[in-house]
1. Return the only residue of THR172, THR212 being of a type in the set (Val, Ile, Thr), touching a Ser or Thr at 6+ places or on another chain (Cβ under 7 Å) and farther than 19 Å from VAL145 by Cα.
2. Quick one: count up the residues across region 26-50 that are of a type outside the set (Asp, Glu) and surrounded by fewer than 20 Cβ atoms within 10 Å (Cβ to Cβ).
3. How many residues are buried (at least 24 other Cβ atoms within 10 Å of the Cβ) and touching a Phe, Trp or Tyr at 6+ places or on another chain (Cβ under 9 Å) when one looks only at region 60-73?
4. Those residues that are at pLDDT below 85 and either surrounded by 12 or more Cβ atoms within 10 Å (Cβ to Cβ) or within 21 Å of the chain's Cα centre (by Cα) (or both), I need them from region 107-123; list them, please.
5. Step by step: first the residues of region 93-106, then only those that are in a helix (DSSP H, G or I) and in contact with an Asp or Glu (Cβ under 8 Å, 6 or more places away or on another chain), then the one that is modelled with the lowest pLDDT. Which residue is that?
6. Can you go through ALA23, ALA90 and tell me which one is within 26 Å of ILE219 (Cα to Cα), surrounded by fewer than 20 Cβ atoms within 10 Å (Cβ to Cβ) and modelled with pLDDT of 90 or more?
7. Given (1) charged (D, E, K, R); (2) farther than 23 Å from ARG196 by Cα; (3) at pLDDT 95 or above, where does ASP52 come up short, assuming only one miss?
8. Which residue out of GLN40, GLN19 is under 19 Å from the mean Cα position of the chain (by Cα) and polar (S, T, N, Q)?
Amino acid sequence: MKLTIIAATGGVGRELLQQAVAAGHDVTAVVRNPGKLSRQVRSVTADLTAADPAALETAVAGSDAVLSGLGPHSNSDAGIATQGTGAIVAAMKAAGARRIVAVSAAPVGVVPTPGRPSPPKHDPGDGFFMRHLFSRVASVMFGKVYDDLAQMEDILAGSGLDWTVVRPPQLTDKPLTGTYRTAYGQNLRGGWSVPRADVAHLMLAVLGQPETIGQVIGIAS
């Protein structure tokens, strides 16, 4: 497969790059700093906060799928997912590319947006402690991050592209297990964390699963 990986030097992006190359895919990496790439692959330099449309179109042209690890690290850089994903979607439409898989976050399902002003109060997959304790703490610490990712999801849902969103809880650097749990449209009960490597594994796996198009998928260990 010909794949374009967005933010290929980030946490999930590095895992996507490693696994995609190991599987023999033809990879184009979209990065801000090519010098940080861990593998020798075709690369396109792009700052997703102010992306060059022509550069992005070149990166996605002829791609079988775009895999996006783009997202804010903290409240201070929130907005990158919305801005960058809007630019990616525009580039894909201009280039005729259709399939995109993006990483989001488990708490996003209950975050209101202009396109979804009345989301559920609680995610149906969350247990008592997640609903009443952790979610409140996470909202205070990362509220702008989740707002950004929720608006990113709205962009994808309204894009007309063949999209899939993966929502992990806390990400870790543990090695790939391949034994993670998934659920459509909700989080996983007791799903407190998941390795970045497993998130990347799922993002690559759904490319061969047409039933995942137009779906939000929760993942957890």
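The values are calculated or read from the model by the stated rules, or taken from the named source; none is laboratory data. Quick caveat: nothing in here was measured; it's all calculated off a predicted structure. Backbone-built Cβ (ideal geometry, glycine too); neighbour counts: all protein chains shown.
1. Numbers: THR172 fails: farther than 19 Å from VAL145 by Cα.
Every option except THR212 fails the conditions.
2. Pass one, region 26-50, residues of a type outside the set (Asp, Glu): 27-46, 48-50.
Then drop every residue that is not surrounded by fewer than 20 Cβ atoms within 10 Å (Cβ to Cβ), which leaves 32-42, 44-45, 49-50.
Of the residues in that region, 15 qualify.
3. 0
4. From region 107-123, those at pLDDT below 85 are 120-123; that's our starting set.
Of everything in region 107-123, those that are at pLDDT below 85 and either surrounded by 12 or more Cβ atoms within 10 Å (Cβ to Cβ) or within 21 Å of the chain's Cα centre (by Cα) (or both) turn out to be HIS122, ASP123.
5. Taking region 93-106 and keeping what is in a helix (DSSP H, G or I), we get 93-95, 106.
Those still in the list that are in contact with an Asp or Glu (Cβ under 8 Å, 6 or more places away or on another chain) too: 94-95, 106.
Numbers: ALA94: 97, ALA95: 97, ALA106: 93.
Checked region 93-106; the qualifying residue modelled with the lowest pLDDT is ALA106.
6. Numbers: ALA90 fails: within 26 Å of ILE219 (Cα to Cα).
Unique residue meeting the criteria: ALA23.
7. Unmet for ASP52, out of (1) charged (D, E, K, R); (2) farther than 23 Å from ARG196 by Cα; (3) at pLDDT 95 or above: (3).
8. Among GLN40, GLN19, only GLN19 is under 19 Å from the mean Cα position of the chain (by Cα) and polar (S, T, N, Q).
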